[in-house]
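The values are calculated or read from the model by the stated rules, or taken from the named source; none is laboratory data. Note that the structure is a prediction, hence the values are computed from the model and not measured. Glycine also receives a Cβ, built like all others from the backbone with ideal geometry; neighbour counts cover every protein chain displayed. Just the protein is used for accessible areas: all its heavy atoms, side chains included, with ligands, DNA and RNA removed. Shrake-Rupley method; radii C 1.70, N 1.55, O 1.52, S 1.80 Å.
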Amino acid sequence: MSETFARPQAPWALRLLPPFPAVAHRVLALVSQKDVSIREVGDLVKMDSSFAAELLRFANSAMMGLRREVRSLSHAIIVVGLDRVKTMATLVAVNRMVRSSVRIEALRKVWIHSLVTALIAEKAARATGQAGDSAYTAGLLHNLGTLGLMSAYPDEYSRMLEVSNDYGFDLLETERDLFEIDHCQAGAYMAHDWNFPDELSAAIATHHGEPVANGVSLDNLVKVSWRLSDTLGYAAFSPDKDWPYEELMAFLPKAAAARFGKSPEEVKEELDKRLTEVPN
């Protein structure tokens, strides 16, 4: 079962966090309902023309793997399916939130790390019969607190990362010293404030916890996936522990571990290719 947690009280650092786009929030809520129609989702997305355009752009990206051009929202929703629409809506929303701050190199590393974690979590989940789209979303948002803080305070957060990396400071402690909250707590607050599902909120809040062997819960897949992202060379900041690739693979169920390449070099090659398919 996923871990539970108490919602932290919002400190001053969260007052400047950018809001989750209202249309994206409504799309996620609507798509999660039973018996929702394609027309309902399409009509809702059309209410925000820029969001609709971005959603179409993602539907036509190589990342989605479609063989023909998608020209209408209804067509996009039919082709990719409602579960994938949730993933696209989340990706568009978060991409919009961090767009300006990722111009700073240190913060762009955080975004790349999140994308790689999402790809790893999705692959591991599908191999064990879990919902790949939910795992992708959880992997993408596991550092939601980091993405929020770096969007609100790009210069300050970038300098904090540089100092932490140079002197080997504990990241969570340094965040609490500077912002009076760490990114796990910030992510938990944001997830609750944006009405994310409990399972997703728990995965965000607890991702720095230790993984367990053969665990197929969403939060455990995320705990393994972000550490794999670090080990494969996509670390956003200096890890507090160097995890061997084989040791992390042992935490995954055998069906999931078998889906990845025999060597970390093979896995990294595939991930590098996937990253080129993600729209900027």
- Heavy-atom accessible area of segment 156-197 with neighbours in place, 1.4 angstrom probe: carbon+sulfur share in percent works out to 43
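Classify segment 168-231 from the C-alpha gyration tensor, please: rounded if a/c falls under 1.5, else prolate or oblate depending on whether a/b exceeds b/c.
oblate
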- Task: For segment 145-237, state which chymotrypsin sites (Phe, Trp or Tyr not before Pro) are in a DSSP loop and have at most 11 other beta carbons lying within 10 Å of their beta carbon.
- Result: none
- Message: Given a 1.4 Å probe and heavy atoms of the protein chains only, how would you sort Asp48, Asp198, largest accessible area at the top?
- Response: Asp198, Asp48
- Per-pair calculated FRET efficiency, R0 = 25 Å: Ser217 and Ser238 via Cβ, rounded to 0.05: 0.35
- Message: Probe radius 1.4 Å, ligands and nucleic acids left out: which of Ser225, Ser74 has the largest accessible area, and how do the rest follow?
- Response: Ser74, Ser225
- Query: When all protein chains stay in place, what accessible area (Å², nearest 10, 1.4 Å probe) is found for Thr276?
  - Reply: 110
- Task: For the chain, evaluate the Debye formula with one uniform point scatterer on each Cα (no solvent term) and list log10 I(q)/I(0) at q = 0.08, 0.15 Å⁻¹, rounded to two decimals.
- Result: -0.31, -1.17
- On full extension of the chain, what length is gained from His208 through Lys254, given 0.36 nm per residue of separation minus the C-alpha to C-alpha distance? 14.3 nm
- Item | Average accessible surface area per residue within the chain, 1.4 Å rolling probe, Å² | 47
- Would you rank Glu265, Glu162 by solvent-accessible area, highest first, keeping every protein chain in place and using a 1.4 Å probe? Glu265, Glu162
- How long is the gain from Leu275 to Arg108 if the chain were fully straight, where each residue apart is worth 0.36 nm and the alpha carbon distance is subtracted? 58.8 nm
